[in-house]
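Participant: Sharing a structure with you now.
The values are calculated or read from the model by the stated rules, or taken from the named source; none is laboratory data. Bear in mind the structure is a predicted one, so any value in this text is a computation, not a measurement. Here the Cβ positions follow ideal geometry from the backbone for every residue, glycine too, while neighbour counts run over all protein chains shown. Accessible surface areas use protein heavy atoms only, side chains included; no ligands, DNA or RNA. Shrake-Rupley method; radii C 1.70, N 1.55, O 1.52, S 1.80 Å.
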Amino acid sequence: MSNLWRGHLEGMPHDPPHDPGGQVVVLSAHPDDEVLAVGGWLAGQTDRDVVFVTATDGEASHPGSPSITPDELRARRPGELVEALRRLGFVAPDVRRLGLPDGGLERHRDDLRGLVEPLLREASLVLAPFAHDGHPDHEALGRAVLDAVPASAVVWQMPIWTWAWTEPDEQPWRPSLRRLECTSPGRHRKRRAMAAFETQVKPLSDHPADLAVVDEALARHAAYAPEAVIV
């Protein structure tokens, strides 16, 4: 994973994106995407009406694992998300689970849009994965949100895996990046929240199928690089 993005983000001017106030809807393909992408910013939004939507339960994160089954992941990962959001400061987070198959959002794109659309009707600000993030589930959800979001809402797209496989100079969308405001306490809360995703940030065993999904490079970027969204 290149360190070029971190340096680029640190050098960006403080030009935060337009936030209209009102209800915030944060949509993620998997439990942990929202915390990795904008957890520090979210830690400063605990006094707002924030709805968290997860399209899948992340049950396919460890194919071939001898230690955990998809059913066990489906049971554990939503709880990890609730604990992570509590660590960010949301006492009773409003989490909506769509229950679509992990790894299969593109095959269920009509269902996805039908489920997402009513959740966005009252939203003033919508955060969704970047529609070109490099992960098929992230991209499917990102496109569904762009198709379904009402014209009255502001949309911020969240890069997640983008930081791992692209470099700044090669991206035509780079001028659309905006750096988010994040306090030191917010950054600290984000690091604590990331640790709540035990099935993702720690190896489950020494078996190759049990490696941490959020590897050291991605975790380091999420923990220490400035947060940014595409507008």
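Participant: Take the residues in region 23-55 that are surrounded by 24 or more Cβ atoms within 10 Å (Cβ to Cβ) and among the hydroxyl-bearing types (S, T, Y), then tell me which one is farthest from D94 (Cα to Cα).
Facilitator: Across region 23-55, the extreme among qualifying residues is S28.
Participant: Could you go through region 77-85 and let me know if any residue there is among the β-branched types (V, I, T), closer than 23 Å to S61 by Cα and open to solvent by less than 50 Å² (accessible area, probe 1.4 Å). Break it down into steps so the answer makes sense when it comes.
Facilitator: Residues of region 77-85 among the β-branched types (V, I, T): 82.
Right, trim to closer than 23 Å to S61 by Cα and you get 82.
Of the ones still in play, those that are also open to solvent by less than 50 Å² (accessible area, probe 1.4 Å) are 82.
Taking every residue of region 77-85 in turn, at least one turns out to be among the β-branched types (V, I, T), closer than 23 Å to S61 by Cα and open to solvent by less than 50 Å² (accessible area, probe 1.4 Å).
Participant: Inspect region 127-143 for any residue being over 30 Å from R174 (Cα atoms), open to solvent by less than 70 Å² (accessible area, probe 1.4 Å) and among the acidic types (D, E) and give the result as yes or no.
Facilitator: no
Participant: Residues of region 1-11 being open to solvent by 20 Å² or more (accessible area, probe 1.4 Å) and in contact (Cβ under 8 Å) with a residue 12 or more places away in the chain, which ones?
Facilitator: Once the filter is applied, which keeps residues that are open to solvent by 20 Å² or more (accessible area, probe 1.4 Å) and in contact (Cβ under 8 Å) with a residue 12 or more places away in the chain, region 1-11 yields M1, S2, L4, R6, H8, E10.
Participant: If you don't mind, another one. Taking the condition of being touching a Pro at 6+ places or on another chain (Cβ under 7 Å) and in a helix (DSSP H, G or I), how many residues in region 147-192 meet it?
Facilitator: Residues flagged as touching a Pro at 6+ places or on another chain (Cβ under 7 Å) and in a helix (DSSP H, G or I) within region 147-192 amount to 1.
Participant: Can you find, within region 28-38, the residue that is nearest to A151 (Cα to Cα) among those that are touching an Asp or Glu at 6+ places or on another chain (Cβ under 8 Å) and not in a loop (DSSP other than H, G, I, E, B)?
Facilitator: So the residue we want is S28.
Participant: If you don't mind, there's one more thing I want to ask. Those residues that are within 20 Å of A60 (Cα to Cα) and open to solvent by 80 Å² or more (accessible area, probe 1.4 Å), I need them from region 162-206; list them, please.
Facilitator: Matches in region 162-206: E198, K202, P203, D206.
Participant: Search region 56-74 for residues being of a type in the set (S, T, Y) and open to solvent by 30 Å² or more (accessible area, probe 1.4 Å), and hand back the single one that is farthest from the chain's Cα centre (by Cα).
Facilitator: S67
Participant: H14 fails exactly one of the following numbered conditions: (1) free of Cβ contacts under 8 Å to residues at least 60 places away in the same chain; (2) open to solvent by 10 Å² or more (accessible area, probe 1.4 Å). What is the number of that condition?
Facilitator: Result: H14 passes all but (1).
Participant: Of everything in region 181-225 that's polar (S, T, N, Q) and more than 24 Å from H14 (Cβ to Cβ), which residue is farthest from the chain's Cα centre (by Cα)? Talk me through it step by step, then tell me what you get.
Facilitator: We begin by selecting, within region 181-225, every residue polar (S, T, N, Q); these are 183-184, 199-200, 205.
From what is left, the residues that are more than 24 Å from H14 (Cβ to Cβ) are 199-200, 205.
On the way: T199: 16, Q200: 13, S205: 25 Å.
If we take residues in region 181-225 being polar (S, T, N, Q) and more than 24 Å from H14 (Cβ to Cβ), then S205 is farthest from the chain's Cα centre (by Cα).
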